[in-house]
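What follows is a short report on a single structure.
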Amino acid sequence: MNAIISLLSSAITRGAPLLLGTTGEILNEKSGSLNLGVEGIMAVGAIGGFLGACWTESIILGILFGFICGALCGLLFAFLTITMKANQNVTGLAMTIFGVGVCRFIGQNMKTEGTFPIMNPNLTSKFAENGIPLLKNIPIIGPLLFSHNILVYLAIIIAVCVWIYMNKTKAGLKMRAIGENPAAADSVGINVDLYKYINITLGGGIMGIGGLYMGVIINNGTWNDDWIGGYGWIAVALVIFANWSAVKALLGSFIFGLMLALQSKVGNLAAEFPNALGWTAKIPVEFYMALPFILTAVVLIINSAMHKKSGNAPSAMGINYYREDR
Amino acid sequence: MSEYAIQLKNIVKTFGSVVANNNINVELKQGEILALLGENGSGKTTLMNMLSGIYQPDSGEILVNGEKVLIHSPEDSKKLGIGMVHQHFKLVDVFDVTDNIYMGEVNKKYNLKEKLAAINSKAESENIDKKKSKLFLKKTRECFNALSFYIKNIFLNKKRYYKLIELSNKFGFEIDPHKKIYDMSVSEKQTAEILKVLCYGAKIIILDEPTAVLTVQEIKKLFSVLKKMKQEGHSIIIITHKLNEVMEISDRVTIMRKGEFVKTLETAKTNEQELTDLMVGKKVDLKINRPVVGFKKPLLEIRNLTIKNDEGAIAIDGVDFYIRGGEMLGVAGISGCGQKELCEAIAGLRKIEDGEICHKGESIVGLSPEKIIEKGISMSFIPEDRLGMGLAPSLSITDNMILKTYRKGKFNPFVDRKSAKELADKVIKELNIVTPSSETPVRRLSGGNVQKVLVGREIQSTPNVIVTAYPVRGLDINSSYAIYDILNKQKQSGTGILFVGEDLDVMLSLCDKIMVLCHGKMMGIVHADKVTKEQLGLMMTGMLNLSEAKPEKNYGIAKDSNIVNNNVKNEESFAKGEEHED
């Protein structure tokens, strides 16, 4: 039983950065921009938030720094694709390379005499501070739902807020209209460029928080060369998996989190249920590491094979808008 | 208020070297319906797009209600009370009608300042300054009201559906506010568009070819709506090229031709004949050669062809025609009446619904485009943007030649660049293409040379039937004549040519016969040297239908047809009738 609870709990912990990345990407895609730079934006958010937290010794400001660094990257992407009309795919890939590079460049230079930078242990424990008092003492539900770090709850709140914004507000309606048919939105007087700028920047900021999560929770605030480790790419696929809905992304990121958690928890699981699940330990760990990526590929293949006229995929995604085109 | 709702003065708009609008003067009076009449490419839509903020004029003035304005964006246009219903609807498919309309809603303001001032002045007049606390309370409540108003305003409200029903009832529309756009028929979509501009409070309404996609009953309904709107004080511009509609609905009519302003007339004081003459202009003798080639058997025969367009509407409706070797058949018609679909069907790119396409007596229906090319049928279609079809703009002339010839020598996995280059050089020399070399990317060439490359490549595959649509689109006179010469040479060597054109003058001098299409129906096939331009104009607008007027002639069916098993009922007419004449 303990093994299952710890597996599920770990799934939530591991799914949260995916949720943040996915939510940010949904904001991008729903307003008509396919931003493939999630990995890079998360990396910049990670290193920015990390430095910010170390410098100010405050988790709130650390999160804010992560958000701002991510938002700046989003702004750069928006400037390149909206104002300069650069190709979105190419720009996104460039953002990935750029962001990961910036993260490594700064991280490598933080090394002092061969040792890797580590966040102040006090701060790390603050970030990882576990759970909501009282509620976390409830058996089963407590450790499962109420004993996570603050960023998990932040991620869930952001996802729900984004869902409300997209589906229940006027600004969200306008933003979705732009993603579906910018010419129609333009013709009724919606400022297409402004809305795209806002949504992409906001989405970048959310990805940035996701990056910070990768740095301080998943990697315990210890520098290594690959902080994001492909989570950004999983987030891009998760958007499709979640059918462009921030609430469905909650479920999707949990499932992917489960895959990621299996890597470390499969041993426990096999030990607790040697008869039923003993075989799982015999599979090499590399398989579990590859599992989320295999699932990503499967999701993409299924999605493109179905050819269904999904009501949720924004039809103008990835296409730059020129008013004078007819 | 000024007498005119809109005045356009000396508007000039150019796209590169193409002059779309040259010194246009259009005036729309308050509360009238003005028809804007002209053939395709006469610049009507461009002109109207300047009013809706999509384009800006190069020079000239726009006056709205007597005041000079600058319209930089659709938002500006909306603020001025101008609403445009575009020919291609600007609606978000996955939204319902209500959301499509409400997405453009302007945020309302809560007049907090005024309300606070009102409370103050009320308190002063009633002299109750003793109860300051009560006044403060009132003010606080007002501030709270304002806050809750703005918070409510952030969110979408279910009430918008009731509001829409109210509005549509007010204007006399029946529409289901929850219906998604992708579930709607064309006419419903149009209603949604009109409702949209009305909801935004537009006083000046522009409709771009609103009747092109509607059935007769729907057009009637639309016109009654327009008349009602006029009575309520709206000023309306309607773009059309159907004369009967102009006569029926408009108060005045402005005619444009090839980007030039021709004349503005009062509808009551004119007639359809005059309008046609003004629209197509006087016949110009172009002195294009028309070599006569001796009698040959029909090469391509088309019987009872029916094709649907991308939207699923009938694009070509039961058309018969044939092309002999050494004959050039022109296809005239207002653009969008099925020419594109016809060309695509012959080339095997589009499925046909019904009918037969026979090449030398063999049906080619259902064959792959590759097989059809092998049979010697070549198709070259020059779309409006000129580079969209047939050529790869970034590839060199040689590579574009390879696109068509690479299949030769099937067992060779490598591309045969040498022979392609020879071919390219040959085409360049024969057609006098101006280019630095055969390795220059096609997009760097001028429009005329690009088209020469396309036509040249098609000819090099030695076809026996050439289908060419708008081969001289956007070309200057010299390049056009070069293309005519190329086509004429092919004709003399016995090739049958289907020439889809825009310019009636050109077709009258170049083609042997002209088939006129109007909304997918064949209006008749006439000899180019025996028909007048006016007649063609009437046929194009659907006012003269020879195939109905003289059904015994069996236009479009050759008496020496290669199709043995023909399903024509009246066989005697073949025996009696000679080659049909106009």
Output the number of residues of the stretch B:44-68 satisfying the condition of being surrounded by 17 or more Cβ atoms within 10 Å (Cβ to Cβ) and within 20 Å of B:K203 (Cβ to Cβ).
-> 11
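Looking only at the stretch A:178-192, filter to residues that are more than 8 Å from chain B (Cβ to nearest Cβ) and in contact with an Asp or Glu (Cβ under 8 Å, 6 or more places away or on another chain); which one of those is farthest from A:T23 (Cα to Cα)?
A:V192
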Which members of the stretch A:1-43 meet the condition of being within 23 Å of A:L80 (Cα to Cα) and more than 13 Å from the chain's Cα centre (by Cα)?
-> A:E29, A:K30, A:S31, A:G32, A:S33, A:L34
A:L61 fails exactly one of the following numbered conditions: (1) within 15 Å of the chain's Cα centre (by Cα); (2) free of Cβ contacts under 8 Å to residues at least 12 places away in the same chain. What is the number of that condition?
-> (1)
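Consider A:Y197 carefully, then state whether it is more than 8 Å from every other protein chain (Cβ to nearest Cβ), free of Cβ contacts under 8 Å to residues at least 24 places away in the same chain and of a type outside the set (A, V, I, L, M). Break it down into steps so the answer makes sense when it comes.
Values: more than 8 Å from every other protein chain (Cβ to nearest Cβ): yes; free of Cβ contacts under 8 Å to residues at least 24 places away in the same chain: no; of a type outside the set (A, V, I, L, M): yes.
When the stated conditions are applied, A:Y197 does not pass them.
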Helices (runs of 4 or more DSSP H) enclosed by the stretch A:203-300 - at least 2 residues per element that are surrounded by fewer than 24 Cβ atoms within 10 Å (Cβ to Cβ) and touching a residue at least 60 places away in the same chain (Cβ under 8 Å) = A:231-241, A:246-272
Listing of strands (runs of 3 or more DSSP E) fully contained in the stretch B:440-550 that carry 2 or more residues being more than 22 Å from B:G336 (Cα to Cα) = none
Restrict the check to the stretch B:178-196 and report whether at least one residue is closer than 28 Å to B:H519 by Cα and in a loop (DSSP other than H, G, I, E, B).
-> yes
Restricting the stretch A:304-326 to residues that are at pLDDT below 75 and part of a loop (DSSP other than H, G, I, E, B), the one farthest from the other protein chains (Cβ to nearest Cβ) turns out to be A:H307
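Rundown of residues vs (1) at pLDDT below 85; (2) more than 18 Å from B:M328 (Cβ to Cβ), yes/no style:
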position: B:I428; (1), (2): no, yes
position: B:N432; (1), (2): yes, yes
position: B:N449; (1), (2): yes, yes
position: B:V455; (1), (2): yes, no
position: B:S461; (1), (2): yes, yes
position: B:D476; (1), (2): yes, yes
position: B:D485; (1), (2): no, no
position: B:K489; (1), (2): no, no
Filter pass, B:E370 being of a type in the set (D, E), surrounded by fewer than 17 Cβ atoms within 10 Å (Cβ to Cβ) and either in a strand (DSSP E or B) or not assigned by TED's automatic domain parsing to the domain that holds B:K44 (or both) | yes
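Only residues that are at the interface with chain B (Cβ under 9 Å from one of its Cβ atoms) and either assigned to a helix (DSSP H, G or I) or on the phi > 0 side of the Ramachandran plot (or both): list them for the stretch A:166-177, please.
Here is the first cut: in the stretch A:166-177, the ones at the interface with chain B (Cβ under 9 Å from one of its Cβ atoms) are A:167-174, A:176-177.
Once the filter is applied, which keeps residues that are at the interface with chain B (Cβ under 9 Å from one of its Cβ atoms) and either assigned to a helix (DSSP H, G or I) or on the phi > 0 side of the Ramachandran plot (or both), the stretch A:166-177 yields A:N167, A:K168, A:K170, A:A171, A:G172, A:L173, A:K174, A:R176, A:A177.
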Filter the stretch B:289-318 down to residues that are modelled with pLDDT of 80 or more, basic (K, R) and assigned to a loop (DSSP other than H, G, I, E, B), then give me how many there are.
-> 2
Somewhere in the stretch B:536-552, is a residue over 20 Å from B:Q339 (Cβ atoms) and modelled with pLDDT of 80 or more?
-> no
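Taking helices (runs of 4 or more DSSP H) that fall entirely within the stretch B:25-140, which contain at least 3 residues that are more than 11 Å from every other protein chain (Cβ to nearest Cβ)? So that I can check it myself, show each step before the final result.
Details: elements: B:44-51, B:74-79, B:97-102, B:112-126.
The qualifying helices (runs of 4 or more DSSP H) are B:44-51, B:112-126.
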Please give the number of the condition A:A297 fails out of (1) more than 18 Å from the chain's Cα centre (by Cα); (2) farther than 27 Å from A:V160 by Cβ.
-> (1)
Complete set of residues in the stretch B:151-180 that are more than 14 Å from chain A (Cβ to nearest Cβ) and over 14 Å from B:D96 (Cα atoms) | B:E166, B:L167, B:S168, B:N169, B:K170, B:F171, B:G172, B:F173, B:E174
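Within the stretch B:1-24, can you find the residues that are within 22 Å of B:E232 (Cα to Cα) and not in a loop (DSSP other than H, G, I, E, B)? Step through it out loud before you land on a result.
Taking the stretch B:1-24 first, the residues within 22 Å of B:E232 (Cα to Cα) are B:1-7.
If the condition is that a residue be within 22 Å of B:E232 (Cα to Cα) and not in a loop (DSSP other than H, G, I, E, B), then B:Y4, B:A5, B:I6, B:Q7 are the ones that fit.
The values are calculated or read from the model by the stated rules, or taken from the named source; none is laboratory data. What you see is a predicted model, and the numbers here were worked out from it, not measured in a lab. Heads up, the Cβs are rebuilt from the backbone with ideal geometry, glycines too, and the neighbour counts pull from every protein chain shown.
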